[in-house]
Amino acid sequence: MGRITQIQSMSLHDGPGIRTTVFMKGCNMRCTWCHNPETWRHSKQIQFLEDKCIDCKACHQASLQSEFTPNLLVKPNQFSISELITISESCYTGALELIGKDVSLDDVMKAVEKDCEFFEESGGGITISGGEPLLQAEFVIEIFKKCKERGIHTAIETNLHSNTELVERVAEYTDLFMVDIKLWNSELHKKWTGLGNELVLKNIKALNDLGKSLIIRTPVIPGVNDNVKELSAIADFVSELDCLINYELLPYHSLGNGKYKALGIEDQMPNFDQLSKDHFEQLQKEVAKLCKKFKKNLE
């Protein structure tokens, strides 16, 4: 069994071709700019979308508590899982949504098989994303084993902050690794994500030595890493990787901001300015000089 947030069919942005993407729940990093904070906690949780609430009091009745507000549901360990399920099911407007569900290997493979007819023509397959998939590595391995038996291309989006031996076990069944190098300076990496980057870089080298295909990305965050010094150091590193398919910069956007309030998490993202198009394009030009396999982001 594994714990996920969703399975997305017919995905076009999580690797080559048309893909089935499985989003795992739980992450060991806390990137300040994260667009998917609902994947941080491994435990199931409630998301409260206040704009959908019509104050019908159905959740109050389901909670059986005299002093109850929907905001209490987003606080960790306030309610049992069974209580969260009961209360969320009482909400018919969709204001209360339970995030996280347990699925079996068969559940995942049934979803994958629905898209199989599109994989061959498009060069697609399955992508396991997150959260951080390597926190549920055994489940990932079992999924990928089944997929390889059926000739399905396998890809993983991971921060690679994991035991190297475990990474190499997953690599045995993985065709493509998509990895972020968020910052080159490890102290800054720890400041902004909660963890240093030494293990990430070590595992990238290990995968390269194993001959595993790599796509490396850097999300460009204003005031964090939007400078030539940081990005040039990363570009120098990735340009030496024999198995690099491409390196690309991803422009910061604020699409996930509303999720923080819905989950009861302090939102630090409004402190970031929007990245100007001119500045981003200039950074792309500088990185392209250093990395022959740089892929210009067309968004």
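The values are calculated or read from the model by the stated rules, or taken from the named source; none is laboratory data. Keep in mind the model is a prediction, meaning the values are calculated, not measured. Methodologically, a virtual Cβ is constructed for each residue, glycine included, from the backbone with ideal geometry; neighbour enumeration extends over all protein chains shown.
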Next on the checklist: Of all residues being farther than 22 Å from Glu138 by Cβ and not charged (D, E, K, R) in segment 188-203, which is surrounded by the fewest Cβ atoms within 10 Å (Cβ to Cβ)? Just the residue, please.
Outcome noted: Gly194
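The rows are residues; the columns are (1) charged (D, E, K, R); (2) in a helix (DSSP H, G or I).
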{"position": "Thr154", "(1), (2)": "no, no"}
{"position": "Ser162", "(1), (2)": "no, no"}
{"position": "Leu166", "(1), (2)": "no, yes"}
{"position": "Arg169", "(1), (2)": "yes, yes"}
{"position": "Tyr173", "(1), (2)": "no, no"}
{"position": "Lys182", "(1), (2)": "yes, no"}
{"position": "Glu187", "(1), (2)": "yes, yes"}
{"position": "Lys190", "(1), (2)": "yes, yes"}
{"position": "Leu195", "(1), (2)": "no, no"}
Checklist entry - Mind checking which residues of segment 234-260 are assigned to a strand (DSSP E or B) and of a type in the set (Asp, Glu)? => result Glu248
Item to check | Of all residues in segment 164-187 being charged (D, E, K, R) and surrounded by fewer than 23 Cβ atoms within 10 Å (Cβ to Cβ), the one that is farthest from Gly130 (Cα to Cα) | outcome: Glu187
Checklist entry - For Ser122, which of the numbered conditions (1) at pLDDT below 95; (2) within 21 Å of Leu263 (Cα to Cα) fails to hold? => result (2)
Item to check | Any chance Ile143 is assigned to a helix (DSSP H, G or I), of a type in the set (A, V, I, L, M, F, W, C) and either over 24 Å from Asn36 (Cα atoms) or without any contact (Cβ under 8 Å) to a residue 60 or more places away in the chain (or both) | outcome: no
Checklist entry - Hey, among the residues in segment 42-74 that are basic (Lys, Arg) and surrounded by 12 or more Cβ atoms within 10 Å (Cβ to Cβ), which one's farthest from Leu134 (Cα to Cα)? => result Lys52
Item to check | Test for Phe144: is it among the aromatic types (Phe, Trp, Tyr), at pLDDT 90 or above and in contact with a Ser or Thr (Cβ under 8 Å, 6 or more places away or on another chain) | outcome: yes
Checklist entry - Within segment 149-163, can you find the residues that are of a type in the set (S, T, N, Q) and surrounded by 15 or more Cβ atoms within 10 Å (Cβ to Cβ)? => result Thr154, Thr158, Asn159, Ser162
Next on the checklist: Filter segment 204-222 down to the residues that are over 23 Å from Ala288 (Cβ atoms) and either at pLDDT below 95 or surrounded by 20 or more Cβ atoms within 10 Å (Cβ to Cβ) (or both) and list them by number.
Outcome noted: Leu207
Item to check | Residues that are over 26 Å from Gln282 (Cα atoms) and touching a residue at least 24 places away in the same chain (Cβ under 8 Å), drawn from segment 206-235 | outcome: Ala206, Leu207, Asn208, Leu210, Gly211, Lys212, Ser213
